[in-house]
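Take a look at the structure below.
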Amino acid sequence: MTTPRPGERERLFQGGGRMPDLHASGSGVGLPTRHGVDPAIDSDIANPLLRVEALELWYGSNQALHGISFLIPEKKITALIGPSGCGKSTLLRCINRLNDLVDGVRIGGDILFEGRSIYDAELDVNQLRRRIGMVFQKSNPFPKSIYENVAYGPRLHGTTQKARLDELVESSLRGAALWEEVKDRLHDSALGLSGGQQQRLCIARAIAIEPEVILFDEPCSALDPVATAKIEDLMYDLKSRFTIVIVTHNMQQAARVSDYTAFLYLGRLVEYGPTTRIFTKPEKRETEDYVMGRFG
Amino acid sequence: MPRSEPNPGPARPLGRRRPDPLGTSLTWLSGASLALSLLLIVGLLVLLAAQGLGFFWQGPVHQLQLADGTRVIGEITATETVRAPANSEAEARRIEEEGAPTRTQLKIGNRDLYGLDFRWIDDSDIVDSTTPADLVMIERLEWGAFFGRLRELRADGRVLATGEDAWREVLRLLPEKAKLRRQVRDLEKGEIGDINHELEELRLAEARIQRAEAQGAPPDDAARARIAARRLQLESRSEALAVERARLQTLLDRERAVFVAGDGRSKEIGAGQILRALRPNAMTTLDRLGVYAGRVAEFLFDDPRESNTEGGIFPAIFGTVLMVFLMTFVVTPLGVLAALYLREYAVQGTTVRLVRIAVNNLAGVPSIVFGMFGLSFFVYLVGGSIDRLFYPEMAPTPKFGTGGILWAALTLALLTVPVVIVATEEGLAAVPRIMREGSMALGATKLETTLRVVVPAAAPGILTGMILAIARAAGEVAPLMIVGMVKLAPSLPLDHHFPHLHLDRKFMHLGFHIYDVGFQSPNVEATRPLVFATAFFLVLIVTAMNLLAISIRNHLRRKYATSAV
Ligand SMILES: Nc1ncnc2c1ncn2[C@@H]1O[C@H](COP(=O)(O)OP(=O)(O)O)[C@@H](O)[C@H]1O
Ligand SMILES: [Mg+2]
């Protein structure tokens, strides 16, 4: 683990967030911070792959995230729920640093990936994104053929052999449960697929570069129930290979697919824990109201 | 919150549809404007096609017997009513009774005999009009068409054949003569051209040595001797070729056909001068179609003759197309890169907005101003510097320091770059952010994302820019007149001499050709159809280039489908 030089950290964390100095990794023990043990960091969580520590984010002068801390366990599905506009997407996009692309964003706090700060100035952000894939709310296949869409990532990262690419395309499409439907038209435009197929193609595209984490931002919000069910099944299969973080505002979906659930409200993490507990015995009043569908 | 029901009030009748005269007339007005525009465009094309393409059709040849006893032979090209004010009461009455007098325009050819190709004849003077089958129409290398009758064929002072035999013999000779003419041309453009080219290179090599010596280098007598020896060799070869050419020339004109014009004068024409001999009145429609196709092909693929008033327009077509291609090669990368910077990399703010306004305004600058810029910047500054630095031995003859196809293409590239920038920027703006994020989320850098996703997705927009640029550039003439376009270029900018593409050469252009043939030629009546035909082919070529670009764009669009993403 490299310790970033202090000057660079100052620059990166313009938000002036609290700077955690304990980078414990894989301990499975609740994370002590300077302000005591954060209740959201549950000691049940074994093998945390990602640690979100006192994360803050500003869009210009508008603060969207307030001191969020929690652990994301390896090879599990973690759901982020909360009413629209509460900062779920923002939080998710912090994990692969996609918010870097938005003008006027400042970030405080930290996210550790395998114990190392992803906001480390020395870190290669493209390499990080290669290891933390993402599937967007709106399917966004490239205007290329189905084959080229899946091969895009591997090509970027240096796979040029035709045979190897063919193999990767097939295994990724199989992994995304799309192979049978498209194997005869791999070289047709991806834009000719249905919405659900496009979304699965985006999943195939993401898993083609074998990331460790896949972030899903409301992947089913634009899909019909049948396509949604397919994606949910798929996610269940993918859990054995990938760590998954999914944003959803569909309670049933969170309850069905996830192992852990974080409830966000107005940019704050209200409650975090195993999904069954969050849905059956929530500790906070707001959580209970939300999961019962009393607001949102 | 209690909501108040709207008060129903007394039932109102729906009322009758009110007339809307203003709306109706506006609809009609706009529809009529559109119809008028379309009509004008279609009319233009029909006019060009009719005037230009009719020219190649071989109609009958008339022999007119005039009241004064003379005979005139020629093709009827127009008839019109003479509207002169009546001189007397009696004349006015006669016009009233018999209708206004009419007259006929005849293409009489035989410029070498009559001086004029066309003649108006009052119809009242015509006693008799016939179309005898033995009238001939000759297309020849010089002096334009000839109309008359064939009397005999001679060679070396002897009569070879007369009457029908002579006609058959002439027809038999023509393909042979065409072959000989091709031989002469190949000789001139081939070996003789090569020798002249090499002699020029030797001259330059010698000039280089001279310069070097003047600057203090040791005298290089060996090189001088080599050059002198080679020159001697080339000159003797050149003399041999000149003899060969002279031999072919005499062979070409060994047989001479003697014709009789309408007025009885006889005219001897060397068989090698005759391009085509026809008896139009004895031709079937199929013959006419064959002649038509042949003439159109000659027009498209031959060099011009007789200071552009005859022959073909091939060099002008070639120059136009090559110049536009060069321009496209320059303007597309330039415009696309500029747009990429403006849209993808520059910080969007006042500066970028100002730059955009400036770029848009650039599109409104009169094209001749670009021509002046091209002349002063490209030709004099850049070209002059290139000459000084790389071709000092050619002085005082400029190579790049004078107008040429490269400078013309660059000038037009500047003229059209705003169009490409604007269209590309629109194309880039239409690529959704989520597509870029999708690529970045896979670990692509900004550059990779731009090159592999954004630019391909914006390709139709870029192609649109290219299409507009081509359309604009192909129609520009004014700025080119001062940066390298000429009425007659000695050689094409593309040939077999290294480096094949001679960017420094002057070139011909259809637009300028139209101007030159139509308005600078002494024989306007004869060349008018050529102007129309040239204009027609200019429109056709611009359309073809545009269609090519459009079909590429449609192909891209199809490839990337259009589904809502
Ligand atoms: N690019 C942006 N610029 C400015 N504000 C933003 C931007 N994206 C999101 N926000 C704001 O941040 C807050 C959280 O948004 P978001 O993370 O998209 O919510 P969610 O995904 O939970 O619906 C919202 O108030 C939203 O208006
Ligand atoms: Mg969202």
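Here the contact order of segment A:18-291, divided by its residue count and restricted to Cα pairs under 8 Å and six or more residues apart, works out to 25 percent.
Taken residue by residue and averaged, Cβ atoms of other chains lying within 10 Å of the Cβ of A:117-129 number 2. A straight Cα-to-Cα reach below 20 Å connects B:Lys487 with the aspartates and glutamates B:Glu142, B:Glu298, B:Asp302, B:Asp303, B:Glu306, B:Glu310, B:Glu476, B:Asp495, B:Asp504, B:Asp516, B:Glu525, residues fewer than 8 places away in its own chain not being considered. Close amide H partners of B:Arg151, meaning residues 5 or more places away or on another chain with modelled amide H under 5 Å apart, are B:Val258, B:Phe259, B:Val260.
Only helices enter this figure: runs of n ≥ 4 DSSP H residues, each worth -39500 (n - 2.57), summed and divided by the residues of the protein assembly as shown, yield -15000 deg cm²/dmol at 222 nm to the nearest 500. At a threshold of 30 Å², the residues of segment A:145-182 that become less accessible to a 1.4 Å probe in the full protein assembly than in their chain on its own are A:Tyr152, A:Leu156.
Residues of segment B:426-470 that lose at least 50 Å² of accessible area (1.4 Å probe, protein heavy atoms only) when the other protein chains are present, relative to their chain alone, are B:Ile434, B:Met435, B:Glu437, B:Met440, B:Ala441, B:Leu442, B:Gly443, B:Arg452. In plain terms, if you count all Cα to Cα distances in segment A:18-291 and split them into 5 Å steps from zero, the share in each step is 1, 6, 13, 17, 19, 16, 13, 8, 5, 2, 1, 0 percent.
Checking the a/c ratio against 1.5 first, then a/b against b/c, what shape does the Cα gyration tensor give for segment A:111-247? Verdict is oblate for segment A:111-247.
Based on the alpha-carbon gyration tensor of chain B and its eigenvalue square roots a ≥ b ≥ c, which shape applies: rounded if a/c is under 1.5, prolate if not and a/b is larger than b/c, or oblate? It is oblate, given that a/c is not under 1.5 and a/b is not larger than b/c.
Excluding same-chain neighbours fewer than eight residues apart, the lysines reachable from B:Lys179 by a Cα-Cα span under 18 Å are B:Lys189. Listed values for segment B:309-321 are Karplus-derived 3J(HN,Hα) couplings in whole Hz (6.51 cos²θ - 1.76 cosθ + 1.60, θ = phi - 60°), namely 7, 9, x, x, 10, 3, x, 6, 4, 4, x, 4, 5, and x replaces Gly and Pro.
For the protein assembly as shown, the per residue solvent-accessible surface stands at 50 Å², with DNA, RNA and ligands left out and a 1.4 Å probe.
Put simply, when B:326-335, B:477-486 are sorted by average Cβ atoms within 10 angstrom per residue, most first, you get B:477-486, B:326-335.
Pairs spanning more than 31 Å between alpha-carbon atoms, out of A:Lys144/A:Lys239; B:Lys177/B:Lys399; A:Lys239/A:Lys281; A:Lys162/A:Lys239; A:Lys239/A:Lys284: B:Lys177/B:Lys399. Per-residue accessible area (protein heavy atoms, 1.4 Å probe) orders B:Asp156, B:Asp123 as B:Asp156, B:Asp123, starting from the largest.
Per residue of A:96-104, other chain Cβ atoms within 10 Å of the residue Cβ number 2 on average.
Taking all protein chains in place and a 1.4 Å probe, what share, in percent, of the accessible surface of chain B do carbon and sulfur account for?
With neighbouring chains kept in place, the figure for chain B is 62 percent.
The B-A contact accounts for approximately 2200 Å² of buried accessible area, totalled over both chains at a 1.4 Å probe radius. With a/c under 1.5 counting as rounded, go ahead and sort the protein assembly as shown into rounded, prolate or oblate using the C-alpha gyration tensor (a ≥ b ≥ c being the square roots of the eigenvalues; past the cut-off, prolate if a/b is larger than b/c, else oblate). Prolate, since a/c reaches 1.5 and a/b exceeds b/c. Quick one: check the C-alpha center-to-center distance for segment B:101-120 versus segment B:176-247, whole angstrom. Measuring centre to centre over Cα atoms gives 47 Å. Measuring with a 1.4 angstrom probe and ignoring ligands and nucleic acids, B:Trp143 comes out at about 120 Å² accessible. Heavy-atom surface analysis with a 1.4 Å probe gives segment A:18-291 a carbon and sulfur content of 47 percent of its accessible area.
So how do B:466-474, A:270-278, B:65-73 stack up, highest first, on mean other-Cβ count within 10 Å?
Working: B:466-474: 22.9, A:270-278: 20.6, B:65-73: 13.9.
Answer by packing, highest mean first, reads B:466-474, A:270-278, B:65-73.
3J(HN,Hα) along segment B:49-65, derived from phi through the Karplus expression 6.51 cos²θ - 1.76 cosθ + 1.60 where θ = phi - 60°, amounts to 5, 5, 5, x, 7, x, 4, 7, 7, 8, x, x, 10, 9, 10, 9, 9 Hz, with x in place of Gly and Pro. When the other protein chains are added to the chain by itself, burial of at least 30 square angstrom of heavy-atom accessible area (probe 1.4 Å, ligands and nucleic acids ignored) affects these residues of segment A:188-207: A:Ser189, A:Leu191. With R₀ fixed at 56 Å, the C-beta to C-beta distance from A:Gln63 to B:Thr27 puts the FRET efficiency at about 0.50.
Residue by residue through A:133-143, how many Cβ atoms from other chains fall within 10 Å of the Cβ on average?
Taking the mean over all residues of the peptide, I get 6.
If each of B:Leu494 and B:Val127 carries a label point 7 Å out from its Cα toward its Cβ, how far apart are those two points in nm? Distance between label points: 5.9 nm.
So if each residue of separation counts as 0.36 nm, and I subtract the Cα-Cα distance between B:Ala78 and B:Leu44, what length gain in nm does that give?
10.2 nm
Note on segment B:421-497: with charges restricted to the Cβ of Lys and Arg (+1) and Asp and Glu (-1), its dipole about the Cα centre is near 80 debye.
The packing ranking, built from the mean of other Cβ atoms within 10 Å per residue, places the peptides A:155-163, A:58-66, A:208-216 in the order A:208-216, A:58-66, A:155-163, highest first.
The values are calculated or read from the model by the stated rules, or taken from the named source; none is laboratory data. Because the structure is a prediction, the values reported are computed rather than measured. With ideal geometry, Cβ positions are generated from the backbone for all residues, glycine too; neighbour counts draw on all protein chains shown. With ligands, DNA and RNA removed, areas are computed over all heavy atoms of the protein, side chains included. Shrake-Rupley method; radii C 1.70, N 1.55, O 1.52, S 1.80 Å.
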